[in-house]
Amino acid sequence: MFMWFRNVWMSVATVLQGMYVTLLTMYRTYQRRTFTEVYEYPEVPVKVKSRYRGFHRFDLTTCIGCEKCAVACPVDCIYIDKEKSPVGKGFRINGFTIDYTKCMFCALCVEPCPVDCIFMGSNYDLSCYSRDGCIVDYAKLPLQISWGQATLNPAVVAESKVLHQPVWVKGEPSPFEFAGAEH
């Protein structure tokens, strides 16, 4: 008889202990701050780790058009449009397009680049209403944005869709060279 009372007491005590943990967790849920209180996202960007693999940074001024990044991409989301350069050796990059609807941000395109012109950036937001906004042509973006000195955003991507020529052609001075000469 004693064992029966002991088992009933253990069952009731276990259920009460479980209910206590549940109520305590529910109470703590109402005490913590919301995501928007912790991260003021549109005004203050969310901090990312140093090895975060976000949207690419691409330096059009150093790219030689070897297509090693496109070959290394396992999902074939990098498209390079190039032609033989009339000035000196190499190629003229007319288009360096990455389709972010396919990209899995694996960073396999970064390693084979012999001139280190493509990197994984820290930008994580390229919100858009159409799939066309997720296809970014880095040759038609302003150099500061494609290199990551300014934020890659949907408005700039949409603006670059109306350009028919690349923003920089090999043989012309880079805007970065002008910026360095002024200082």
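Only the coordinates and a few stated rules stand behind these numbers; no lab work does. As the structure is a prediction and not an experimental result, all values here were calculated from the model. Here the Cβ is made from the backbone with ideal geometry for all residues, glycine too, and neighbour counts use every protein chain on show.
Brief remarks follow.
- Positive-end residue, the chain charge dipole about Cα centroid, Cβ charges, pick of Pro74, Val162, Tyr30: Tyr30
- Rounded to 10°, Cα long-axis angle of helix 2-31 versus longest principal axis of the chain: 40
- Cα centroids of the stretch 114-165 and the stretch 1-38: 51 Å apart.
- Ranked Glu111, Glu43, criterion: other C-beta atoms within 10 Å, fewest first: Glu43, Glu111
- Length available on full extension from Val44 to Leu163: 0.36 nm per residue minus the Cα-Cα distance, which gives 39.8 nm.
- Selected from Cys109, Gly90, Gly133, residue furthest toward positive end of dipole (the stretch 56-169; charges at beta carbon): Gly90
- Under the Karplus curve 6.51 cos²θ - 1.76 cosθ + 1.60, θ = phi - 60°, whole-Hz ³J(HN,Hα) for the stretch 58-70, x wherever Gly or Pro sits: 9, 9, 5, 6, 9, 5, 9, x, 7, 6, 5, 5, 5
- In the chain, Cα pairs under 8 Å separated by at least six residues give a relative contact order of 21 percent.
- Cα-centre dipole for the stretch 2-58 with unit charges at Cβ (Lys and Arg positive, Asp and Glu negative), debye to 20: 380
- Amide proton proximity set for Phe91, modelled H, under 5 Å, gap of 5+: Ser85
- Label-to-label distance for Arg33 and Ser11 is 4.7 nm, based on points extended 7 Å past Cα in the beta-carbon direction.
- Residues in the stretch 120-153 that a label on Phe105 would reach, taking backbone N under 12 Å of a point 7 Å out along Cα→Cβ: 120-127
- Point-to-point label distance, Glu67-Arg51, nm (Cα→Cβ direction, 7 Å offset): 3.3
- Other-chain or far-sequence residues with amide H under 5 Å of Cys77's (modelled H): none
- Helical contribution to [θ] at 222 nm, DSSP H n ≥ 4, -39,500 (n - 2.57), averaged over the chain, rounded to 500: -9000 deg cm²/dmol
- Karplus-derived 3J(HN,Hα) values for the stretch 146-153, using 6.51 cos²θ - 1.76 cosθ + 1.60 with θ = phi - 60°, are 5, 7, x, 7, 10, 7, 6, 9 Hz; glycine and proline are entered as x.
- Relative to its Kirkwood radius, the Cα radius of gyration of the stretch 74-151 gives an Rg/Rh of 0.97.
- Distances between placed amide hydrogens fall under 5 Å for Met120 paired with Arg57, all partners being 5 or more residues away or on another chain.
- Per-q log10 I(q)/I(0), the chain, q = 0.14, 0.17 Å⁻¹ (Debye; single scatterer per alpha-carbon; no solvent): -0.84, -1.13
- In sequence order, calculated HN-Hα J values of the stretch 74-81 (Karplus, 6.51, -1.76, 1.60; Hz; x Gly/Pro): x, 10, 6, 9, 9, 10, 10, 10
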